[in-house]
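The values are calculated or read from the model by the stated rules, or taken from the named source; none is laboratory data. Note that the coordinates shown come from a computational prediction; the quantities given were computed from them, not determined experimentally. Note: ideal-geometry Cβ built from the backbone for every residue, glycine included; neighbour counts use all protein chains shown. Heavy atoms of the whole protein, side chains included, go into the accessibility calculation; ligands, DNA and RNA do not. Shrake-Rupley method; radii C 1.70, N 1.55, O 1.52, S 1.80 Å.
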Amino acid sequence: MAAASNSLVLVLLAISLSTPIACVAHSSSPTPTNGSISDLAVLLAFKDQLSDPLGILASSWTTNVSFCDWVGVSCGLQKRVTALSLPDMSLQGELSPHLGNLTFLSLLNLTNNSLAGSIPVEFGRLRWLRYLLLGVNHLSNAIPSTIGNLTRLQFVDLSANILSEQIPPELLQNLRSLRNISLIGNELSGHIPPYLFNNTPSLRAIILASNSLSGLIPDNIGFLPMLQCLSLGYNQLSGTVPPNIYNMSRLQVMDLMYNNLTGTIPSNQSFRLPLLRWISLYQNNFGGPIPFELAACQHLQFIRLAYNSFSDVVPTWLGQLTHLTYLSLSANDIVGSIPAVLGNLTHLTYIGLSFCNLMGEIPTELGLLQDLSYLNLGRNQLSGPIQASLGNLSKLSILSLGGNELSGFVPATLGNLPALNRLYLDTNNLEGNTDFLSRFCNCRQLQLLSLSHNYFNGALPDQVGNLSTQLLKFYVGDNKITGRLPSALFNLSTLEIVYVGNNLLTGSIPESITLMQNLGFLDISDNDISGPVPTQIGMLRSLQTLNLQRNKLFGSVPGSLGNLTILEYIRLSDNLLNSTIPASLLNLEKLVELHLSNNLFTGTISSNFSGLKQATYIDLSSNFFLGTIPQSFGQIMMLNFLNLSHNSLDYQIPDSFKDLTSLAYLDLSFNNLCGTIPNFLANFTDLKSLNLSFNKFEGKIPEGGVFSNITLQSLIGNAALCGALHLGFSPCQQKYHSSNRHFMKFILPVVAISFGSAVLCLYLSSRIKFKNKRKVGASVIDPRDITNHRLLSYHDLVHATDNFSNNNLLGTGSFGKVFKGQLSTGLVVAIKVIDMQLEEAIRSFDAECRVLRMARHRNLIGVLSTCSNLDFRALVLQYMPNGSLENLLHCQERRNMGLF
């Protein structure tokens, strides 16, 4: 025994000059990561005496020559090395091509090391090799086809590497002795060569799972008489499974999960797998019924057919498979009820029947399955109560009954499950108060409790603070829970998710919430919580989602929120929060969504929004913000949604908005913005919704992009806009060129003089008519004088028409209805209500207003007033007591109305 390069090396020499002996190198001890080998035991026996083997070994390390390289060169000189086994040694570097010199090797085992690079093509010279074991390394590139020359190979393990490209068609061409090939967990692609298994009659295991193989499963697999294990899962294989594979007398394992395979499973004599123990067709596109012939597979222990398109019931013949431990039929078109005979399968540890169409009650017999650890019946149409017998399943770790129509109370026996880890009872019709939560204090392994979307009522008991100290997720939202949030809940410092939203909770948010250092998701939305947001909420350093919207919170937003550096979602909308947005909030670089709408925020919007580098959604609408829109919004390059509507913002849309090319939704309506609408908005290819209504925009409406399909509602309330004639806006006036200015110097005075003369004539004429009118009928009152200079509100019109009663309906037209009404002044009027669902009607309203305000004629009805807002428009007209125009024109005693 001697030391070499800080490694303990034991060299045992057996020297014989008369008998040729093999050279064997093996080790089972770990090694340092620097490439040296500690506690290496090497047995070297040579045909001829080796003068200084220890010196050679020592110099190999000091000159940084890898051990594999040293063995290939030094031992290869003797041509008699028969085995090299160095698993779990943390060996690094590349495989040396010199290993191909060890032509008498029968075993090469270098599994579970850190070897990299390619597999040397020189390995094709190892004609005596029977075991090629290179799994769990970092080997890359293609598999050398020269391995197909090793006619004595029985076991090939190249699993868990980074091997890529296609499987060489020549890989197995001469390997008639091959029993096992494992290429699992690589990056192989392309089709499996169709003739790959033509000359491998001894194959017992084909393990090609977890690659990127595509195409069809080769037919010749079904003709391998000795095959016991077929593992092709986690690939991209397609088409149907060759029928002969379902008729292999020795097959024990069939793994085809996570592919794109289709077709039905054959029945009758075409399906005969007498030794089958394990079948997984999970996540494919198989259809048809579940084959009855599986009942003959008496050794079956594992059935996984979930996430396919099988159409059937839960077979009752499953009760005959007494060795069955795992049953998964989830996410298929499985109908009917759950058969009680499943209670006979006493070895079952797993039942997955979720996402089917099962109906009826849960069988009480399931409570007999004493080994059951997983029961998932969620997302079906099961009804009736939760069976108390489920409380007998002492090994049950996961119970999922969510998404059904279960009713009644939660049985107390569920609190007797000591191994319970996750409990899903959400989205049912369960009821009763929440006192049952105290029963789960005995479930000390509980990590998830989901009771959302039921009809639980009453207050949360203080005993929730005694739940498992391992509890991570607590869901009780969407119920009818009342009272205050118990402070004891937040003593569970392990909690990561708390969802109590959409209940009837009152009171304030307890300050004890700041003790939850692991809390990542907090949702108390849609309650009646009042009071301020806790000032020390910034202590929740793990918080990623904060949802307090739709409550009655008041006060300012705590500046400590700026300490939550990993916060991604802030939802504080629909509260009574006031003051301004704290500047610290705008430095959260990971913030994705900011919801502050429908509050009482005031002042100007901070000019520094550029810190929200990841933000995609910002809603500051329905507040009292004033001033200009900050230019810094233009630096939020990922912004997809921006709503600043219903504020008092002024000035123009910032030029920096031209950089917001990811915008899909922009709402700036109901502000005091002015200037022209920027043309760059028409170039935003993702912009689908734009609302600029009720501002002070002017000039031409841009064309193209979002403006091609924009509606009147998105631009209305901007009186100085022009263009977009199809929406009823006025055409834009032509701008005269400078060449016409000289001409205008002469024409303008002439026009001015002519216009002045016309005005003077009209004035004198109207004076004469006015005097004559006073003489003829001084007592006649123009009804327009009654409503002149007075705006009528929607409330005035509701009162005048008795809430638009049908008793006051005068008629119905294409664009709305006309009602008779009496104003508070006593004047009887006709009220034409426009149908706001019709864009043509809105345009008609605007056109009527323009025409009737300018036109005056004794045979035209006068417009007395209008009522217009975003959701309602009406014209208030003179009431004509003599009937409709149609009756006047077509009655027998027609009157000559005259043109003048």
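Things to note:
- One residue alone among L673, L727, L660, L712 is in contact with a helix residue (DSSP H, G or I) (Cβ under 7 Å, 6 or more places away or on another chain) and either modelled with pLDDT of 95 or more or under 30 Å from K613 (Cβ atoms) (or both), and that residue is L660.
- Matching residues in the range 712-732 - criterion: being open to solvent by 40 Å² or more (accessible area, probe 1.4 Å) and in contact with an Asp or Glu (Cβ under 6 Å, 6 or more places away or on another chain): A720
- Boolean, L396 is buried (at least 18 other Cβ atoms within 10 Å of the Cβ), part of a strand (DSSP E or B) and at pLDDT 95 or above: no
- Which listed residue, of L237, L224, L216, L178, is under 23 Å from W128 (Cβ atoms) and not charged (D, E, K, R): L178
- The listed residue being charged (D, E, K, R), at pLDDT 95 or above and open to solvent by 10 Å² or more (accessible area, probe 1.4 Å), out of E568, E511: E568
- For P534, the criteria (1) within 23 Å of T602 (Cβ to Cβ); (2) open to solvent by 40 Å² or more (accessible area, probe 1.4 Å) hold in every case but one, which is (2).
- Test: P201 is more than 37 Å from the chain's Cα centre (by Cα) and either farther than 24 Å from L150 by Cα or open to solvent by 60 Å² or more (accessible area, probe 1.4 Å) (or both): no
- When Y246, Y258 are checked against the criterion of being assigned to a loop (DSSP other than H, G, I, E, B) and either open to solvent by less than 30 Å² (accessible area, probe 1.4 Å) or within 29 Å of L163 (Cβ to Cβ) (or both), Y258 stands alone in meeting it.
- Scanning the range 591-632 for residues that are over 21 Å from K696 (Cα atoms) and hydrophobic (A, V, I, L, M, F, W, C) yields L591, V592, L594, L596, L600, F601, F609, L612, A615, I618.
- Among the residues of the range 230-243, those identified as open to solvent by 30 Å² or more (accessible area, probe 1.4 Å) and either in contact (Cβ under 8 Å) with a residue 60 or more places away in the chain or in a strand (DSSP E or B) (or both) are Q236, S238, T240.
- Strands (runs of 3 or more DSSP E) wholly inside the range 423-535 containing at least 1 residues that are more than 16 Å from L546 (Cβ to Cβ) and not β-branched (V, I, T): 429-433, 448-450, 455-459, 473-475, 480-482
- Selection status of A205, touching a residue at least 12 places away in the same chain (Cβ under 8 Å) and in contact with a Cys (Cβ under 7 Å, 6 or more places away or on another chain): yes
- Selection count where residues are open to solvent by 50 Å² or more (accessible area, probe 1.4 Å), under 20 Å from E187 (Cα atoms) and either assigned to a loop (DSSP other than H, G, I, E, B) or of a type in the set (S, T, Y) (or both), scope the range 119-144: 1
- Residue check for L561: modelled with pLDDT under 95 and out of contact with any helix residue (DSSP H, G or I) (no Cβ under 6 Å at 6 or more places or on another chain): no
- Test: L171 is part of a strand (DSSP E or B), under 24 Å from N235 (Cα atoms) and either touching a helix residue (DSSP H, G or I) at 6+ places or on another chain (Cβ under 7 Å) or touching a residue at least 40 places away in the same chain (Cβ under 8 Å) (or both): no
- Yes/no for G458 being out of contact with any helix residue (DSSP H, G or I) (no Cβ under 9 Å at 6 or more places or on another chain) and either surrounded by fewer than 19 Cβ atoms within 10 Å (Cβ to Cβ) or aliphatic (A, V, I, L, M) (or both): no
- Candidates N551, N563: the one that is touching a Ser or Thr at 6+ places or on another chain (Cβ under 8 Å) and open to solvent by 60 Å² or more (accessible area, probe 1.4 Å) is N563.
- Once the range 330-339 is narrowed to residues that are open to solvent by less than 50 Å² (accessible area, probe 1.4 Å) and of a type outside the set (V, I, T), the residue that is farthest from A295 (Cα to Cα) is A331.
- Among the residues of the range 356-385, just one is β-branched (V, I, T) and either in contact (Cβ under 8 Å) with a residue 60 or more places away in the chain or open to solvent by less than 10 Å² (accessible area, probe 1.4 Å) (or both), namely I362.
- Meets criteria (open to solvent by less than 20 Å² (accessible area, probe 1.4 Å), at pLDDT 90 or above and of a type in the set (S, T, Y)) for S542: no
- Only one of I207, I181, I221 that is among the β-branched types (V, I, T), surrounded by 19 or more Cβ atoms within 10 Å (Cβ to Cβ) and within 20 Å of Q283 (Cα to Cα): I207
- Among strands (runs of 3 or more DSSP E) entirely within the range 264-329, having at least 2 residues that are open to solvent by 10 Å² or more (accessible area, probe 1.4 Å), free of Cβ contacts under 8 Å to residues at least 40 places away in the same chain and in contact with a Phe, Trp or Tyr (Cβ under 9 Å, 6 or more places away or on another chain) singles out 285-288.
- Matching residues in the range 794-831 - criterion: being of a type in the set (V, I, T) and either on the phi > 0 side of the Ramachandran plot or buried (at least 17 other Cβ atoms within 10 Å of the Cβ) (or both): T801, V818, V829, I831
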